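Scroll down for the structure; my scribbles are underneath it.
Every number here is computed from the coordinates shown, using simple stated rules; none is lab data. Please read all numbers here as calculations on a predicted model, not as lab measurements. Here the Cβ positions follow ideal geometry from the backbone for every residue, glycine too, while neighbour counts run over all protein chains shown.
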Amino acid sequence: MGLRTEVFLVEKEILVYIQTESIGIENDSIKIKMTPLLKRFANIGDKVYLKHSTFMLPTKIKAKKEDEVVLEFPSLTPEKPLGDRRSVRVLSDPENPVKVRFNNVNKNVYDISEVGFSIKCTMEELDGILKHKELSEVEIYLPNLEEWIKGSARLVNVRELENGDILCGYELFLDSADEVKVRFYVYERVKKILKG
């Protein structure tokens, strides 16, 4: 069984929302299971958005077969995805996590994009985090490069998850070379997640 996936496409000014399964990635193509709505509305060359977990990818339909639809895997300079995210966001790999350090905080990153990251914290840690909303220096470890990159960050949200965990979301400011490094990490994670 594949990963539960959602596809969005626009047909004559109507948003078509489709639930399907990601079958996998092959030769820079993403294969998804055919559904009745995909059969009806999907056309080769159409722009679609593939949503899975915490990310949404802008892509195009490459091929349409009886039991599957083949999508282009987006390039490393994608257009911005549909919705409220300015960039694709992925969960950090729990086996080889992205790490962050600032002030006296050393944490694994919960999720990351080119423009931000989130960390989990306890109620006790939250007070210290709230005292330093603007971070003039933050270091992020990217495990795929085995390298620390530096930038600055600003706390933009605090939220409580359903399980009671507290998540602190930061806007991230990097130079363009380091943004590219994060982009490579994000897209490698997307490929790994979609492969299952």
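Miscellaneous remarks
- All Cα-Cα separations within the chain were binned at 10 Å from zero, giving a P(r) of 8, 34, 30, 19, 8, 1, each value a whole percent of the pairs.
- Inter-site label distance for Glu13 and Asn27 at 7 Å from Cα along Cβ, in nm: 4.0 nm
- Neighbour count of at most 10 Cβ within 10 Å plus DSSP loop: longest trypsin sites (Lys or Arg not before Pro)-free window in the chain: 66-196
- Relative exposure of Ser87, Ser22, Ser53, judged by other C-beta atoms within 10 Å (fewest first): Ser53, Ser87, Ser22
- FRET E, pair Glu147, Asp175, Förster distance 22 Å, beta-carbon r, rounded to 0.05: 0.95
- The Cα trace of the range 90-195 gives Rg and Dmax of 13.3, 41 Å, the first to one decimal, the second as a whole number.
- Cut-off under 5 Å, modelled amide H: who pairs with Arg89 long-range: Met56
- The slack in the chain from His132 to Val115, taken as 0.36 nm per residue of separation less the alpha-carbon distance, amounts to 4.2 nm.
- Most mobile of Asp46, Asp178, Asp127 in a GNM of the chain (Cα contacts under 10 Å): Asp127
- Estimated FRET transfer efficiency when R0 is 45 angstrom, pair Lys64-Asn103 (beta carbons, to 0.05): 0.30
- DSSP-loop GluC sites (Glu not before Pro) across the range 88-152, with at most 12 other Cβ within 10 angstrom: Glu95, Glu146
- Computed over the chain with a Gaussian network model linking Cα atoms closer than 10 Å, the most mobile of Leu126, Leu50, Leu142 is Leu126.
- Residue among Met34, Met56, Met123 with the largest mean-square fluctuation in a Gaussian network model of the chain, springs linking Cα atoms under 10 Å: Met123
- Normalised by 2.2 N^0.38 Å, where N counts its residues, the alpha-carbon radius of gyration of the range 3-72 equals 0.97.
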